[in-house]
Amino acid sequence: MSVKEHIKEYKRELILDAASKLFYEKGFQKTTIDDIGAALGVTKPFIYTYFENKYSILEHLFDQAFHDLYADVIKVLNNKEGKPQDRLQRFVTVYVEKNIERQKITAIMLEEEKNLNAKKVADIRRKQREFDAKLARLIEEGVSTGVFHVSDPMIASLAISGMVRWTHRWYSPQGRLSVSELTKNLSTLALNLVGCTQN
């Protein structure tokens, strides 16, 4: 990238960061372009230079979130080395950590999807199905090797993913569990859910 392109990307990131904080605190519908501009100390025309409208900002946030949240998690699912139970534990650990690290954007993804257009929602659904299918295949592998005992790997996949996705609603760094303690507990729950018979 040229220096000019780096500067442009930096400004876009500033806008996305300011918007994400406001969407999290006020909600998408109650946040205006003026609010985002005020948070950055810029005018509306500055923001419109980089984004067509508020909905465009939200769509870019979803694209960014999918990359940030799922890139490392998908690497874990694509790694075929190790026992299925160890890989499932690793998956839950990384997925929990990513959701907590990006607690605000996770909340926005769950709360503001209703404000996306049909094409973007369809794109998100496709990515989620691919993600859940990868996890289901890991569970199927565990079933085929006799370490997991579950009748429907896809339902188990959805249950485990759902359990992790909602941690943003209740987890607090000031609570009784550290992130490592939480990942350990949820990993154990995931193994129990698939009927794991080996440690």
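Here are some notes:
- Qualifying residue in region 84-92 (condition: in a helix (DSSP H, G or I), among the basic types (Lys, Arg), within 19 Å of Leu116 (Cα to Cα) and touching a residue at least 12 places away in the same chain (Cβ under 8 Å)): no
- Region 120-141, subset modelled with pLDDT under 95 and small (Gly, Ala, Ser), residue nearest to Asp72 (Cα to Cα): Ala133
- Residues satisfying the stated conditions in region 37-76, i.e. among the aliphatic types (A, V, I, L, M) and either in contact with a His (Cβ under 8 Å, 6 or more places away or on another chain) or modelled with pLDDT of 90 or more (or both): Ala38, Ala39, Leu40, Val42, Ile47, Ile57, Leu58, Leu61
- Any hit, region 66-82, residues being more than 15 Å from the chain's Cα centre (by Cα) and closer than 26 Å to Lys119 by Cα: no
- The helices (runs of 4 or more DSSP H) found wholly in region 93-199 include none carrying at least 2 residues that are surrounded by 17 or more Cβ atoms within 10 Å (Cβ to Cβ), in contact (Cβ under 8 Å) with a residue 12 or more places away in the chain and basic (Lys, Arg).
The values are calculated or read from the model by the stated rules, or taken from the named source; none is laboratory data. Owing to the predicted nature of the structure, the values given are computational and were not obtained by experimental measurement. Glycine gets a Cβ as well: all are built from the backbone with ideal geometry, and neighbour counts include every protein chain shown.
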